[in-house]
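Trainee: Below you will find the structure I want to go over with you.
The values are calculated or read from the model by the stated rules, or taken from the named source; none is laboratory data. Computed from a prediction, not measured in an experiment: that's the story for all the values here. Ideal geometry is used to build each Cβ from the backbone, glycine not excepted, and the neighbour counts take in all protein chains shown. For the accessible areas, the whole protein counts, side chains as well, though only heavy atoms, and no ligand, DNA or RNA atoms are used. Shrake-Rupley method; radii C 1.70, N 1.55, O 1.52, S 1.80 Å.
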Amino acid sequence: MSPVPGPSGRLSGKTALVTGAAAGIGRAVADRFVAEGARVAYADRDAAGARTAATAATARPVAMDVTDEQSVAAGFAALAADGWVPDVVVVNAGVQLFGEDAAVADLDLDVWRRTHDVNLTGAFLTLKYAVRGMLTIGGGSIVLSGSPTGVRGEGSDFTAYASSKAGMHGLGRTVAAAYANRGIRVNTVIPPYTETGLVSTITQDPAARAAIVSRIPMGRAGTTADLEGVYVFLASDDSAFATGAAVAVDGGMTTL
Ligand SMILES: NC(=O)c1ccc[n+]([C@@H]2O[C@H](COP(=O)([O-])OP(=O)(O)OC[C@H]3O[C@@H](n4cnc5c(N)ncnc54)[C@H](O)[C@@H]3O)[C@@H](O)[C@H]2O)c1
C-alpha cells in the first residue's frame with residue numbers, strides 16, 4: 001500500500017507573515033506555507049479579504065496597510081504579543097496602476113507617488129519591522145516579490161511600477177548585505193506576467209495578453225502554482241546559504 005501523501009512540512013516550526021496575502025501570489029504563497037507546516041499571518045490592507053483567506057487553524061489575519069508605519073508596527077506588535085515573531089516574512093503587497101502609469105513624459109507625479117508608496121516605501125516599512133523582530137530571535141528569512149520590469153526594459157509604459165520594482169531589488173540587496181552576519185537572509189523572487197487580479201487589464205485584452213505572453217520564452221503566462229515552490233525554498237532552511245539573490249521563475253522572461 002502506498003503511503004498517504006501529506007504536507008511535506010518543509011516549514012514546520014516556522015512563523016511566517018505574508019503581506020498582500022488576501023489575493024493573488026501572496027494568498028497562494030501563504031496557503032502553501034500553511035500546507036508546509038508553518039503558522040502564517042495573512043497581512044493585507046483588505047482586512048475582510050485577509051479574514052476570508054486565513055481560515056486554517058494555523059493561520060491568522062492581520063489588517064495592515066504597508067504604506068502606514070503605525071499600521072505595520074501595530075501588526076507586528078500584535079503578533080509579538082501573542083508570541084508570533086515571524087522568522088519568515090514575504091514582502092509581497094503591491095500595486096500596478098493600469099491606465100495611469102505611463103511612459104515618463106506622460107506620467108503624473110501622483111501616480112508615481114502612489115505606486116512607490118506601496119511597492120517601495122511599503123517594502124521598506126515591512127523590512128524594518130521584520131528585521132527588528134528577527135534580531136530578537138536570532139534571524140530569519142525574508143522573501144521579496146520583485147519583477148522582470150525591475151531588471152530590464154520590460155516596463156517601458158509602466159515607469160512608476162518598473163522603477164518601484166527596481167528599487168525593491170536594490171533594497172533587498174542592501175538589507176541582505178547589512179544583516180548577513182546576523183542570521184537574516186533576504187532574497188527576491190522574480191515572477192513573470194502571472195494572471196492575478198493585479199494584471200486583469202492585460203488578461204482581458206487579447207492583444208495585450210498575446211504581446212506579453214510572446215515575451216515569455218516558455219510560451220505561456222505564469223500561474224501562482226508556478227511560484228509557490230520557490231518561496232517555500234527561500235523561506236526554508238534548504239536555502240540557508242542564499243542571501244541577496246534574485247531568483248527568476250518566469251519561463252525565461254528575464255534571462256532568455
Ligand atoms: N501578477 C503579476 O504578473 C506579477 C508579476 C511580477 C511581480 N508581481 C508582484 O507580486 C506581488 C503580488 O502581486 P499579485 O499579482 O498577487 O497582486 P494582487 O493584486 O492579486 O494582490 C495584491 C495584494 O496586495 C494587497 N495590497 C495592496 N496594497 C496594499 C497595502 N498598501 N498594504 C497591504 N496590502 C496591500 C491587495 O489588497 C492584494 O490583496 C506584487 O508585489 C506584484 O508587483 C506580480
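Trainee: Only Lys, Arg, Asp and Glu count, each charged at its Cβ (+1, +1, -1, -1), so figure out the dipole size of the stretch 17-135 about its Cα centre, rounded to 20 debye. Show your work: numbers first, answer last.
Mentor: Working: 10 positive and 15 negative charges, 106 e Å.
Charge dipole, the stretch 17-135, about its Cα centre: 520 debye, nearest 20.
Trainee: Same structure again: Give me the accessible area per residue for the stretch 36-126, probe 1.4 Å, as a whole number in Å².
Mentor: 45
Trainee: Taking 0.36 nm per residue of sequence separation and subtracting the Cα-Cα distance, how much length would be gained by fully extending the chain between residue 245 and residue 70, in nm to one decimal?
Mentor: 60.0 nm
Trainee: Follow-up. Please give the direction-averaged projected area of the C-alpha convex hull for the stretch 83-166, in square nanometres with one decimal.
Mentor: Values: hull surface 23.4 nm².
In nm², the orientation-averaged hull projection of the stretch 83-166 is 5.9.
Trainee: Follow-up. Please work out, to two decimal places, the log10 of the ratio I(q)/I(0) at q = 0.16, 0.21, 0.22 Å⁻¹ from a Debye calculation in which every Cα of the stretch 161-238 carries one identical scatterer.
Mentor: Reported log10 I(q)/I(0), two decimals: -0.77, -1.05, -1.09.
Trainee: Find out how many positive minus negative residues lie around residue 213, taking Lys and Arg as positive, Asp and Glu as negative, among other residues whose Cβ is under 11 Å from that of residue 213.
Mentor: Neighbourhood net charge equals +2.
Trainee: Measure off 7 Å from each Cα along the Cα-to-Cβ vector at residue 77 and residue 128, then give the distance between these two points in nanometres to one decimal.
Mentor: 1.4
Trainee: Could I have the simple spin-label model distance between residue 220 and residue 137, label points 7 Å from Cα toward Cβ, reported in nm to one decimal?
Mentor: Result: 3.6 nm between the two label points.
Trainee: Return the carbon/sulfur percentage of the accessible area of the stretch 167-256, one whole number, probe 1.4 Å, all protein chains in place.
Mentor: Result for the stretch 167-256: 58 percent of the exposed heavy-atom area is carbon or sulfur.
Trainee: Then there is this: Compute from the Cα atoms of the chain the Rg and the Dmax, the latter being the longest Cα-Cα distance, and quote both in angstrom.
Mentor: 17.6, 66
Trainee: Build a GNM of the chain with springs between Cα atoms under 10 Å: which of 134, 218, 64 gets the top mean-square fluctuation?
Mentor: Looking only at 134, 218, 64, the biggest GNM fluctuation is shown by 218.
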